[in-house]
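The next block holds one structure in the form of structure tokens; read it before the comments.
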Amino acid sequence: MNLKLHVWRQSGPNDAGAMKEYVAKNVNPHMSFLEMLDVVNEELQSKGEEAIAFDHDCREGICGMCSMVINGLPHGGHRGVTTCQLHMRHFNDGDEIWIEPWRAKAFPVIKDLVVDRSAFDRIIQKGGFVSVNTGGAPDANALPIPKKEADQAFEAAACIGCGACVAACKNGSAMLFVGAKASHLGHTPQGDVERFDRARAMTMQMDAEGFGTCSNLSQCEAVCPKTISVKVIAELNRDLLKAQFKGK
Amino acid sequence: MSQATDAPAPTGEPLIGSLLRFFSSSIGSKVVMALTGAVLWGFLLAHLGGNLMVYFGPETYNHYAQALKGNAALLWAVRGALIAAIPLHFWAAVQSSAKNSAARPVAYAYANRSPARTAAKSMLVTGLVIAAFFVYHLAHFTWHVAHPEQVKLLPSGEVDVYSMLVNGFSVWWISAIYVVAQLLLAQHLSHGIYSLFQHLGLYGASWTPFLKRASLAIGYGLCAAFISIPVAVLLGVVKLP
């Protein structure tokens, strides 16, 4: 099939950037979206033009690197799917496709569709960890964790930190990401100890990075490739509220 | 060693300072929004309860109005709560809206299609229109400056609140203003009620889906009850004796 692409091109962080049109010819419907772009890039390079820069790594839907807004929806908007797992069979011959980078003040564009997501790393550095003093490794199963708690921790731990939640949110809020990290660690006994300090430190960093506030629109949940629930946002709100009155 | 010593709150900081800092954070301003929203929602419920007494006739309604005016302690407690809650609700909205518009300096070329209810996306607009309506509503029925010709006195010298209401809503365009404002209020509440629970961290996998539907039902139900009054006047169900 043949497609008309509108792609955001920006040569560097200080370039204004603009949407540019391309034609993708003979696209195989079994290709992933990234493979389709690979083919477009090969043709661009053969003509001596600059290839379209985009983030990608595992191409298995688990690394969180791919990041593009396709026709107004992060990762193309199929439930629980990253861009690398989005296949061209979801499109029709002759379709026009708009491809843009994540848009947020905290995610500045580096080049074309590549954005700098180190704001997430700095939030993690503030509290996305469990403090463990060195020593002998504890026995496996020495610390029983109720199944329900373990399940909740695992659900939140599925977050791959791709940033689709921020890209989708009307307010550019990172609450689903921060909530997922806080919930992931807070539901285990090892992480529970620091949950209030963690909630406070991570949300303060989130504010400092310039993310927006949560209006409970649940756009993040709808586009999250790991289908993480806004429940984690409520948990983060509760932890932060409790932290105020515990004087921690 | 624990890196958690990074925690921003200095130990020994007075509670009030820590609370002020909390309330100006992104989550804290939403907590202010939620708490003041709950106050305003409670007020609406009580206000509706009083308004519906109009269906019991002029005597009951005027008696209720006079009893309310006679109870200065209750009246000022409610007014005090509103005078505190409304500016705080507004301040929280302005503060978070400013953060939100700064958070996405470059807009998408293709409109954001991430699903969300229109009511949820337009809270600021509906809120501002409701605020403007609130001022008009006070000018109409409390301060008697918007339509002073509608104010008649009872033989006892008190304001005849019942006839003021009927005279007011008999004018179709005044009723239309009230109906439109209530429809926007319904939109605002239909998201706001669910949202306030979420901001306060109150979530349950078993009851939150129900809360979302209840939020819609309560929002629209409450406003339908308010709208019934001007409609009843226009239809002649509620009329001057």
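The values are calculated or read from the model by the stated rules, or taken from the named source; none is laboratory data. What you are looking at is a predicted structure, and each value in this text was computed from that prediction instead of being measured. Don't worry about glycine lacking a Cβ; one is built from the backbone with ideal geometry, like all the others, and counts go over all protein chains shown.
Just the residues that are out of contact with any Lys or Arg (no Cβ under 7 Å at 6 or more places or on another chain) and either at pLDDT below 95 or in a loop (DSSP other than H, G, I, E, B) (or both), please, taken from region A:1-10.
Selection gives A:Met1 alone.
From the residues in region B:83-105 that are hydrophobic (A, V, I, L, M, F, W, C) and surrounded by fewer than 15 Cβ atoms within 10 Å (Cβ to Cβ), which one is nearest to A:Ala167 (Cα to Cα)?
Initially, region B:83-105 is screened for residues hydrophobic (A, V, I, L, M, F, W, C), giving B:83-86, B:88, B:90-94, B:98, B:102-103.
This time we only want the ones that are surrounded by fewer than 15 Cβ atoms within 10 Å (Cβ to Cβ), so: B:83-84, B:94, B:98, B:102.
Values: B:Ile83: 38, B:Ala84: 36, B:Val94: 22, B:Ala98: 18, B:Ala102: 14 Å.
Among them, the one singled out is B:Ala102.
So B:Ser156 ticks every box in (1) within 14 Å of chain A (Cβ to nearest Cβ); (2) under 25 Å from B:Leu138 (Cα atoms); (3) modelled with pLDDT under 95 but one. Which box is left unticked?
(1)
Can you tell me which residues in region A:122-147 are assigned to a helix (DSSP H, G or I) and more than 13 Å from A:His187 (Cα to Cα)?
Of the residues in region A:122-147, the ones assigned to a helix (DSSP H, G or I) are A:122-127, A:147.
A:Arg122, A:Ile123, A:Ile124, A:Gln125, A:Lys126, A:Gly127 - these are the residues of region A:122-147 that are assigned to a helix (DSSP H, G or I) and more than 13 Å from A:His187 (Cα to Cα).
Residues that are among the hydrophobic types (A, V, I, L, M, F, W, C) and not assigned by TED's automatic domain parsing to the domain that holds A:Arg59, at least 3 per element: which helices (runs of 4 or more DSSP H) completely within region A:148-214 meet that?
Details: elements: A:164-168, A:175-186, A:189-192, A:195-209.
Counting at least 3 such residues, we get A:164-168, A:175-186, A:195-209.
Please verify whether A:Gln85 is polar (S, T, N, Q), touching a Lys or Arg at 6+ places or on another chain (Cβ under 9 Å) and at pLDDT 95 or above, treating the condition exactly as stated. Spell out how you get there, then give the answer.
Values: polar (S, T, N, Q): yes; touching a Lys or Arg at 6+ places or on another chain (Cβ under 9 Å): yes; at pLDDT 95 or above: yes.
Spelling it out, A:Gln85 is indeed polar (S, T, N, Q), touching a Lys or Arg at 6+ places or on another chain (Cβ under 9 Å) and at pLDDT 95 or above.
Do the conditions hold for B:Leu211, that is, is it away from every other protein chain (no Cβ under 14 Å), among the hydrophobic types (A, V, I, L, M, F, W, C) and surrounded by fewer than 21 Cβ atoms within 10 Å (Cβ to Cβ)? Outline the logic, then answer.
Working: away from every other protein chain (no Cβ under 14 Å): no; among the hydrophobic types (A, V, I, L, M, F, W, C): yes; surrounded by fewer than 21 Cβ atoms within 10 Å (Cβ to Cβ): yes.
So B:Leu211 does not fit the description; no.
Report yes if A:Val232 is over 29 Å from B:Ala98 (Cα atoms) and facing chain B (nearest Cβ under 10 Å), otherwise no.
Working: over 29 Å from B:Ala98 (Cα atoms): no; facing chain B (nearest Cβ under 10 Å): yes.
Spelling it out, it is not the case that A:Val232 is over 29 Å from B:Ala98 (Cα atoms) and facing chain B (nearest Cβ under 10 Å).
Determine which single condition A:Val178 fails, assuming it passes every other condition in (1) at the interface with chain B (Cβ under 8 Å from one of its Cβ atoms); (2) buried (at least 24 other Cβ atoms within 10 Å of the Cβ); (3) under 15 Å from the mean Cα position of the chain (by Cα).
(1)
For the condition of a type in the set (Gly, Ala, Ser), more than 14 Å from chain B (Cβ to nearest Cβ) and over 30 Å from A:Asn2 (Cβ atoms), what is the one hit in A:Ala119, A:Ala142, A:Ala106?
Numbers: A:Ala119 fails: more than 14 Å from chain B (Cβ to nearest Cβ); A:Ala106 fails: more than 14 Å from chain B (Cβ to nearest Cβ).
Only one candidate qualifies: A:Ala142.
Under the condition of being in a loop (DSSP other than H, G, I, E, B) and either of a type outside the set (Lys, Arg) or touching a Ser or Thr at 6+ places or on another chain (Cβ under 7 Å) (or both), which residue from region A:223-248 is nearest to B:Phe23 (Cα to Cα)?
The residue in question is A:Gly247.
Mind checking which residues of region A:79-94 are in a helix (DSSP H, G or I) and either surrounded by fewer than 21 Cβ atoms within 10 Å (Cβ to Cβ) or in contact with a Pro (Cβ under 9 Å, 6 or more places away or on another chain) (or both)?
Hits for region A:79-94 are A:Thr83, A:Gln85, A:Met88, A:Arg89, A:His90.
Is there a residue in region B:50-72 that is loosely packed, with under 14 Cβ neighbours inside 10 Å and in contact with an Asp or Glu (Cβ under 9 Å, 6 or more places away or on another chain)?
Looking for residues that are loosely packed, with under 14 Cβ neighbours inside 10 Å and in contact with an Asp or Glu (Cβ under 9 Å, 6 or more places away or on another chain), one finds at least one in region B:50-72, hence yes.
Across region A:30-70, what is the total count of residues that are over 21 Å from A:Ala104 (Cα atoms), part of a loop (DSSP other than H, G, I, E, B) and acidic (Asp, Glu)? Don't jump to the end; show me each part of the working.
Just the residues of region A:30-70 that are over 21 Å from A:Ala104 (Cα atoms), to begin with: A:30-51, A:57-62.
If we keep only those that are part of a loop (DSSP other than H, G, I, E, B) as well, we get A:30-31, A:47-51, A:57-62.
Still in the list and also acidic (Asp, Glu): A:49-50, A:57, A:60.
Here the count works out to 4.
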